[in-house]
Amino acid sequence: MTAGNAAERPRLKLAVILEKKISVGGGFNQSITAALQMLRIAPAPYTVEIYTTIASNIDILAGHGLKAKHFVKPKRSLSKKIAQIFQSERRQREKVTEFELEIKRQGIDLVYFTAPSGYALDLQATPYIFTIWDLCHLEHPEFPEVTENREFEKREELYSRAVPKAAATLTDGLHTSQLASRRYGVAGDRFIEMPFSPAPFLQEETPAPDALATMLERYGLTSGYLFYPAQFWAHKNHAILLEASSLLAQRNGKAPAIVFAGGDQGHANAIRRMAERLGVSDTTHFLGFVPTEHMSLLYRGARALVMPSYFGPSNLPPMEAWVLGKPVLYPQRFSDFTGDAALLFDPDDAHSLADCIAQLEQEEDDGRWQELGRQRLEHFARERHSAEASLMQLLSRLASRTLTWA
């Protein structure tokens, strides 16, 4: 097809699928960022449309400039989906699933899953782009959230079937791509390392002068606390921060103020009891799930972000802290992610974390961490630009091949 009749090329529909609820937190924000990115970079002849399986997301997405359609088909559980596949491989190959029938009715030519999705197993003839945020279930199977209710097996069945068939799989970085390549027998060039982006809500204008004071008063806080926004999963390792706080109280006679913000996934009460047992409950604040519009101000009121999670290396909170010029305390095993823009500690050693917090408290706020954070964000922006170029090239190739057989 020549340049002269390029304008006559038929349009192709690229469906961006968002399945996460806002209560998921970082995963929801990352899905929004991925959708906005695809709207921005998708080349001709694609028309990008946004779909969500959750009706309540429609208005929320509209607030971020995303006009989304509700994909009305009820979502089956992944375990049921996998069971059906194993019951009759031959019958499953011959049968067009309800999901793919709806895809065809919508005239969709390519599907982009912004998060790991069991829907990929329903696609037989429709090409798709898959997403893996991490493979921490392989690296940390000791945590209940990746072993209970056959969660480990569900993830393995999904990834082992979805990744080999995907036109490409987007990951958070080279570490995940290499692990997925080895584990699932897929060539390395079938992965695109797309770094996470700071949440869209952090890109807003500077808040009104009294907004921070009002927000702190709302939650009963005083600025200068250590901030940890994370849901209460075992792997988030809230406990080590309480132990470090207790050690600092013994050393200095006073524990640092800690603010936890995140939904309860079954471990919040245990962390509350631990805070009481260690004598730091008066300086530890449990905010629960915090609305998106409050997060920016809560970051602004913090002295630093402290994130002792075992899962990584990529996580959104450090990037969010860097956007707002806040110091970051992060596990030393993830130093490739932070570079020089973080104070590092051993997440299994409360003394290591306590020393890290003490070092921060002794430093003057001279803007050094703000500058290092800015440089780190620029590094990821360059990597993201390169990854976007690779993704655009892939989309152009897929479009050319689709139009050839269409």
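The values are calculated or read from the model by the stated rules, or taken from the named source; none is laboratory data. The structure displayed is predicted, hence computed values, not measured ones. Reconstructed Cβ throughout: ideal geometry from the backbone, glycine too, with neighbour counts over all protein chains shown.
Filter segment 353-377 down to the residues that are among the acidic types (Asp, Glu) and either farther than 20 Å from Phe196 by Cα or in contact with a Gly (Cβ under 7 Å, 6 or more places away or on another chain) (or both) and list them by number. Spell out the reasoning first.
First pass over segment 353-377, keeping only residues among the acidic types (Asp, Glu): 355, 361, 363-366, 371.
Within segment 353-377, Asp355, Glu361, Glu363, Glu364, Asp365, Asp366 meet the criteria.
Show me the helices (runs of 4 or more DSSP H) found entirely inside segment 245-343 where at least 2 residues are farther than 28 Å from His64 by Cα and of a type in the set (Phe, Trp, Tyr).
Values: elements: 268-277, 292-300, 316-323, 335-338.
Where helices (runs of 4 or more DSSP H) fall fully within segment 245-343, none carries at least 2 residues being farther than 28 Å from His64 by Cα and of a type in the set (Phe, Trp, Tyr).
In segment 202-232, what count of residues is obtained for those that are crowded, with 20+ Cβ neighbours inside 10 Å and more than 27 Å from Gly63 (Cβ to Cβ)?
Residues that pass the stated criteria total 2.
Can you name the condition, by its number, that Glu142 falls short on among (1) of a type outside the set (Ser, Thr, Tyr); (2) assigned to a loop (DSSP other than H, G, I, E, B); (3) surrounded by 15 or more Cβ atoms within 10 Å (Cβ to Cβ)?
Condition not satisfied by Glu142: (3).
Is one or more of the residues making up segment 344-352 in contact with a Gly (Cβ under 8 Å, 6 or more places away or on another chain), of a type outside the set (Ser, Thr, Tyr) and part of a strand (DSSP E or B)? Show your work before the answer.
Initial filter on segment 344-352 (in contact with a Gly (Cβ under 8 Å, 6 or more places away or on another chain)): none.
Checked against the condition, which is being in contact with a Gly (Cβ under 8 Å, 6 or more places away or on another chain), of a type outside the set (Ser, Thr, Tyr) and part of a strand (DSSP E or B), segment 344-352 yields no hits at all.
List, please: which pairs have Cβ atoms under 9 Å, are six or more places apart or on different chains, and start with a residue in segment 278-295 that is within 25 Å of Thr206 (Cβ to Cβ) and end with one that is among the charged types (D, E, K, R) and part of a helix (DSSP H, G or I)?
Within 9 Å, the pairs are His294/Arg218; Met295/Glu320.
How many of the residues making up segment 145-172 are under 24 Å from Asp189 (Cβ atoms), among the hydrophobic types (A, V, I, L, M, F, W, C) and surrounded by fewer than 20 Cβ atoms within 10 Å (Cβ to Cβ)? Even if it seems obvious, please write down each step before you answer.
Step one: filter segment 145-172 for residues under 24 Å from Asp189 (Cβ atoms), giving 155-156, 158-172.
From the residues that got through so far, the ones that are among the hydrophobic types (A, V, I, L, M, F, W, C) too are 158, 162-163, 166-168, 170.
From what is left, the residues that are surrounded by fewer than 20 Cβ atoms within 10 Å (Cβ to Cβ) are 167.
Number of matching residues: 1.
Could you please tell me which pairs satisfy a Cβ distance under 7 Å, a separation of 6+ or placement on different chains, a first residue in segment 368-384 that is closer than 12 Å to Asp340 by Cα and free of Cβ contacts under 8 Å to residues at least 12 places away in the same chain, and a second residue that is of a type in the set (Lys, Arg) and surrounded by fewer than 16 Cβ atoms within 10 Å (Cβ to Cβ)?
Hits for this filter: zero, empty list.
List pairs: first in segment 12-33 and in a strand (DSSP E or B), second of a type in the set (Gly, Ala, Ser) and at pLDDT 85 or above, Cβ under 7 Å, 6+ apart or cross-chain?
Leu12/Ala399; Lys13/Gly107; Leu14/Ala42; Val16/Ala35; Ile17/Ser117; Leu18/Ser31; Leu18/Ala35
Looking only at residues that are among the basic types (Lys, Arg) and closer than 23 Å to Leu174 by Cα in segment 331-384, which one is nearest to the chain's Cα centre (by Cα)? Step through it out loud before you land on a result.
The initial filter retains those residues of segment 331-384 that are among the basic types (Lys, Arg), namely 333, 368, 374, 376, 382, 384.
Still in the running and closer than 23 Å to Leu174 by Cα: 333, 374, 376, 382, 384.
Details: Arg333: 19, Arg374: 20, Arg376: 18, Arg382: 19, Arg384: 15 Å.
The residue in question is Arg384.
Residues to consider are Ile54, Ile85; find the one that is assigned to a helix (DSSP H, G or I) and modelled with pLDDT under 90.
Numbers: Ile54 fails: assigned to a helix (DSSP H, G or I).
On inspection, the qualifying residue turns out to be Ile85.
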